[in-house]
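The values are calculated or read from the model by the stated rules, or taken from the named source; none is laboratory data. It should be emphasised that the depicted structure is a prediction, and the values quoted were computed from it without experimental measurement. Here the Cβ is made from the backbone with ideal geometry for all residues, glycine too, and neighbour counts use every protein chain on show. Ligands, DNA and RNA are excluded from the accessible area calculation, which covers all protein heavy atoms including side chains. Shrake-Rupley method; radii C 1.70, N 1.55, O 1.52, S 1.80 Å.
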Amino acid sequence: MRDLDCYETQGKLITKFALQLLMLTFLRPSEVRLASWDEFDFNKRLWRIPAHKMKMKSEHLVPLSKQTIALLKNIQEITGKAGLLFPSHTTKKSISDNTMRLAMFKMGYDGNTFGKSRATPHGFRANASSILNEQGFNPDAIERQLSHIERDGVCAAYIHHARFLDDRFEMMQWWADYLDDAKNKI
């Protein structure tokens, strides 16, 4: 997290912001890369990702912490309030699949740098899930935040429409605060 704080000395500021958004929301990298401004409601503190952008083809709601809202406002200063949050500087498409991964490798998380393990953008999901489960958050809320869909037919019939939004709003704010505290303690 501290390496990421000064990443713009090595790479693009917008890449730093993409990784920070990924850490705060623990979404899949493609969901962050393809985000567009029309999906966000700052008043409701909610990101509504349409089904066609999701792996499981089901709409996904992402509660936004105060820190995430502040980050999004910083991103808006660079990319505007319309279109993609993370447009490529060479095309009208989003940043590439490799942008965030290569940034992490540039910071030394390539598995070849002494004192740093190999890490990938997708790995933030596992870290968040482990820590949140250890802290006693509702496992169903965690799974819903990860946009995992119940595969057991009986369970799926009962919790298909459950979104656990109240739990998730609390959890996402706790997570953002935890990241801030962890960065300051290291």
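Below are the figures for this structure:
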{"quantity": "Long-range neighbours under 7 Å by Cβ, at least six apart or interchain, first residue over 10 Å from residue 132 (Cβ atoms) within segment 171-184, second surrounded by 13 or more Cβ atoms within 10 Å (Cβ to Cβ) and of a type in the set (Val, Ile, Thr)", "calculated": "176/68"}
{"quantity": "Extreme residue, least open to solvent (accessible area, probe 1.4 Å), among residues of segment 1-16 that are among the aliphatic types (A, V, I, L, M) and either under 18 Å from residue 128 (Cβ atoms) or not in a helix (DSSP H, G or I) (or both)", "calculated": "4"}
{"quantity": "Extreme residue, farthest from residue 88 (Cα to Cα), among residues of segment 99-132 that are of a type in the set (S, T, N, Q) and open to solvent by less than 70 Å² (accessible area, probe 1.4 Å)", "calculated": "130"}
{"quantity": "Cβ pairs under 6 Å, 6+ apart, first in segment 82-97 and under 19 Å from residue 13 (Cβ atoms), second open to solvent by 40 Å² or more (accessible area, probe 1.4 Å)", "calculated": "94/34; 94/84"}
{"quantity": "Pairs with Cβ under 6 Å, 6+ apart, first in segment 142-169 and among the polar types (S, T, N, Q), second part of a helix (DSSP H, G or I) and at pLDDT 90 or above", "calculated": "145/168"}
{"quantity": "Filtered residues of segment 103-126 (kept if without any contact (Cβ under 8 Å) to a residue 60 or more places away in the chain and either in contact with a helix residue (DSSP H, G or I) (Cβ under 7 Å, 6 or more places away or on another chain) or in a helix (DSSP H, G or I) (or both))", "calculated": "105, 119, 120, 123, 126"}
{"quantity": "Single match in 16, 73 (criterion: at pLDDT 95 or above and in contact with a Cys (Cβ under 9 Å, 6 or more places away or on another chain))", "calculated": "16"}
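Yes/no per residue for (1) in a helix (DSSP H, G or I); (2) open to solvent by 20 Å² or more (accessible area, probe 1.4 Å):
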| residue | (1), (2) |
| --- | --- |
| 18 | yes, no |
| 21 | yes, no |
| 31 | yes, no |
| 38 | yes, yes |
| 43 | no, yes |
| 61 | no, no |
| 70 | yes, yes |
| 76 | yes, yes |
